[in-house]
Amino acid sequence: MLNGAIFRESYEGLVLVRDIEFYSLCEHHLLPFFGRAHIAYLPAGRVIGLSKLPRLMDVYARRLQVQERLTEQVARAVQQAIQPRGVAVRVEAAHFCMMMRGVEKQESLTITSSFLGDFRRDMDLRQEFFAALRGPETAAHSHRESRPAHGVHTPEGLPSRAETPADPTGGSGARRIGVFTETPRPVPRGKYPRRVGRRPSRQRS
């Protein structure tokens, strides 16, 4: 499966391929479970082609599985292939056997992890692994917090929608759009036809 995609490199830092989508089938209930996997390793003179890590995930996912075994199998396969200093695998999945039968919990998520080599012995390396997983989400969260109310970007010195009073025109009918004011145009006479209907007849005295 690796097809010789193993290369000699002196790089020794963390290598992480995250958010690998996968689909598998629970061997206990014959129902799907699916989610995302994150695979990391610390090279020891050799690296593996990046596309081979998702392929490795597919090899073990496309069979009857349980999530705990799937996590361990992927980690040990990377360890055997390139003998790195450490391997870390984290799998997050939703299971139809919990969503559509039994407890029927729709929002539950099962998380499993496997650490080999230096990742198992060194807490700091595990923290680096988890920090790399949280990185983009943390940046996106801080970006959302810095945005003004209603999600409208307002240049400095100009009021946002949240700061605009409910009726800034004092009842004149003008409408505030962002930092501009729109005044309704008068409707010319005769533009719209008058209602056509029968008037009530007057009774003779």
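The values are calculated or read from the model by the stated rules, or taken from the named source; none is laboratory data. All values reported here derive from a predicted model rather than from experimental measurement. Note: ideal-geometry Cβ built from the backbone for every residue, glycine included; neighbour counts use all protein chains shown.
Which is outside any strand (DSSP E or B) and of a type in the set (Phe, Trp, Tyr), of 41, 11, 23?
Result of the check over 41, 11, 23: 11.
Across the stretch 59-108, what is the number of residues that are farther than 13 Å from residue 38 by Cα and either in a helix (DSSP H, G or I) or of a type in the set (Ser, Thr, Tyr) (or both)? Reasoning before the result, please.
Quick first cut of the stretch 59-108, residues farther than 13 Å from residue 38 by Cα only: 59-69, 73, 76-77, 79-86, 94-108.
Add one more test, that the residue is either in a helix (DSSP H, G or I) or of a type in the set (Ser, Thr, Tyr) (or both), and what stays is 59-61, 67-69, 73, 76-77, 79-82, 96-99, 108.
Selection size over the stretch 59-108: 18.
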*Can you tell me which residue among 62, 46 is of a type in the set (Lys, Arg), surrounded by 13 or more Cβ atoms within 10 Å (Cβ to Cβ) and farther than 20 Å from residue 133 by Cβ?*
46
*Is there any pair linking a residue in the stretch 102-124 that is among the small types (Gly, Ala, Ser) to one that is at pLDDT below 95 and part of a helix (DSSP H, G or I), with Cβ under 6 Å and at least six apart or on different chains, and which?*
108/98
*Collect the residues in the stretch 108-126 that are within 18 Å of residue 71 (Cβ to Cβ) and aliphatic (A, V, I, L, M), keeping them in residue-number order.*
109, 111, 116, 125
_Every residue in the stretch 109-131 that is part of a helix (DSSP H, G or I) and surrounded by fewer than 16 Cβ atoms within 10 Å (Cβ to Cβ), please._
120, 121, 123, 124, 127, 130, 131
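Could you please let me know if residue 34 is touching a residue at least 60 places away in the same chain (Cβ under 8 Å) and of a type outside the set (D, E, K, R)?
Values: touching a residue at least 60 places away in the same chain (Cβ under 8 Å): yes; of a type outside the set (D, E, K, R): yes.
Yes, satisfied.
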*Assuming residue 3 fulfils every condition listed in (1) over 22 Å from residue 125 (Cβ atoms); (2) within 28 Å of the chain's Cα centre (by Cα); (3) not acidic (Asp, Glu) apart from one, which condition is it?*
(2)
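Could you list all residues from the stretch 35-52 that are of a type in the set (A, V, I, L, M, F, W, C) and at pLDDT below 95? First the steps, then the outcome.
Step one: list which residues in the stretch 35-52 are of a type in the set (A, V, I, L, M, F, W, C), which gives 37, 39-40, 42, 44, 47-48, 50.
Scanning the stretch 35-52 gives 44, 47, 48, 50.
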*Please verify whether the stretch 4-20 includes one or more residues that are surrounded by fewer than 19 Cβ atoms within 10 Å (Cβ to Cβ), touching a His at 6+ places or on another chain (Cβ under 6 Å) and under 22 Å from residue 129 (Cα atoms).*
yes
